[in-house]
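To start, the structure under review is shown below, and the notes come after it.
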Amino acid sequence: MEALLRQFISVVRGIWRRRWIGLAAAWVVALVGMAALMRLPDRFEATARVYVDTQSVLKPLMDGLAVQPDINQQVAMLARTLITRPNIERLIREADLTILVNSDKERERLIDRLLRDIRLTGSGTENLYILSYRDVDQQRAQRVVQALTAMFVETGLSGKRRDAEAARRFIDDQIKQYEKKLEEAETRLKEFKLRNLPYTTGGGQDYFARLTAANEELAKAKLELRAAEQSREALKRGLGDEEALLIPEPTAGALFSVPELDARIDALRKQMDELLRRFTDEHPDVVSTRRLIAQLEEQKNREIEARKRAADAKKSTAAPTNPVFQRIKIALAEADATVAALRGRVAELQSRVDQLRNAAGRVPQIEAELAQLNRDYDVLRKNYETLVARREAALISEDVDATAQMAEFRIIDPPRVSPKPVFPNRGALAPLVLLAALAGGVVVSFIVSQIFPTVQTASALRAITGRPLLGSISLRLDAAALVRRRLDRIAFGSALSLLVLSVGAWTVWLNLSVGRA
């Protein structure tokens, strides 16, 4: 610590010995600083404030009906992308800045300067934006801010319309593509079902469910057949016990019905109504169900004709009977027809069960392929319906944008330029000139003392030479030398005070002149 203190004292003594050189350097720095500060050009700042109102009455009313983008986010993105090179080139034309450039190099420098000096700041959630620009020409600064404000408002009003139109065109193109894909999927599904018609008439059930249902239906038909046969045997026994009477037999002109076929036809018609609500007339399920209904109706007509012929044959050979005998005969004929119909149904169901069992290796593969086709078709149809709904929402959004503005740009403060220059602040920078001058003088004195060093103490001499020191002689000044030293110090203090007073007076004059301006 003591060594550092001795070194510091040695440096201070060296600076003091070169004090006049430092003082001269301080005067030079002060004069140069004052001249440079006075020659700095005045820069005037033009500003404008724009408020973006995004609280529209239509926004809650159109919720769920129209596409509502985040207006605040769009405005923030617009503010961040306003100061770009294309916009600056447009700004140069609109603000009449082309007169400042005579070559491409000057134009590039002007663009870089505008990109650096133009400021657009926002307050975040309040959507209040401040546009500012500084220039040495007041009118030019105001023109730049005015043109920039107009660009900000115009870009905000037209950008949304362009985005909505582009989105609608994109959705239209996608809808056309999905229409084509949907038609191709329907064609593939129809052709597949036509190729595998015997295996794909299960009403939407898989193979095992169809086989189980067919077995249950076969067992139920066999049970109904046994019951019908037992009922017919009972009628035959009752007919043998009844005596015939010579009473004219009434004409049996009533139509016969086939209940089991009517029930199946009604069930298939209900299934047809359900299919028509979801698909078109050309859908494979609709075509196969309609074909099955036609086959059952044809079978019903044949059964009714057979029953009519049987009744007519019995009527031509029968002898007049009593009413009870007649009713038993009619019931017996109906029982015979029912048994015949149930036998046909049992045979048909047995054939269907045998067909399903024989197709056990083929049907699961067909059903898996059909499920894949249906899944692809459903995905395409869902995407198509979603795109159509989005297109309608986009059309409503365009109408909303055409009739009302979802974001309104309000110019709170029109572009104005400050009457006083905002840079440089000479009154605040003037004291820095004095500090720079004093610091420059100290630095110059230190440098000179290091270039031309002197030995200040006996210990320093011993350290430099590396030899033993025998002794030292003190300097004793006479009266004339003391007077000269005193005069030298007075002169130095006066010159330093004059420097401080000069810079201080110049600072006061600058502040007074700025206040009068």
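A compact table of results
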read-out	value
Amide H within-cut-off set for H283, under 5 Å, with H built and near neighbours excluded	none
Under the Karplus curve 6.51 cos²θ - 1.76 cosθ + 1.60, θ = phi - 60°, whole-Hz ³J(HN,Hα) for the stretch 282-291, x wherever Gly or Pro sits	8, 5, x, 5, 5, 5, 5, 5, 5, 5
Net lengthening on full extension, W16/F279 (0.36 nm per residue, minus Cα-Cα)	84.0 nm
Backbone HN-Hα couplings from phi across the stretch 467-483 [Karplus 6.51/-1.76/1.60, Hz, Gly and Pro as x]	10, x, 9, 7, x, 9, 10, 7, 8, 10, 8, 7, 5, 5, 5, 5, 5
Spacing of the two label points (7 Å from each Cα toward its C-beta) at R467 and T454, in nm	2.2
Cross-link pairs K236/K308; K105/K420; K220/K270; K193/K220; K270/K308; K180/K270 - those with Cα-Cα distance over 25 Å	K105/K420; K193/K220; K270/K308; K180/K270
Other-chain or far-sequence residues with amide H under 5 Å of F423's (modelled H)	R43
Contour minus Cα-Cα distance for V136 and N383 (0.36 nm per residue)	82.9 nm
Note, ³J(HN,Hα) from phi for the stretch 93-98, Karplus 6.51, -1.76, 1.60, rounded to Hz, x at Gly and Pro	5, 6, 9, 6, 9, 5
Charge tally in the Cβ shell below 11 Å around R116, where Lys, Arg are +1 and Asp, Glu are -1, R116 excluded	+2
Surface accessible to a 1.4 Å probe, D112 within the full protein complex, Å²	80
Amide proton proximity set for I411, modelled H, under 5 Å, gap of 5+	Y51
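The values are calculated or read from the model by the stated rules, or taken from the named source; none is laboratory data. Everything numeric in this text was worked out from a predicted model, so none of it was measured. Virtual Cβ from ideal backbone geometry, glycine too; neighbours counted across all protein chains shown. Ligands, DNA and RNA are excluded from the accessible area calculation, which covers all protein heavy atoms including side chains. Shrake-Rupley method; radii C 1.70, N 1.55, O 1.52, S 1.80 Å.
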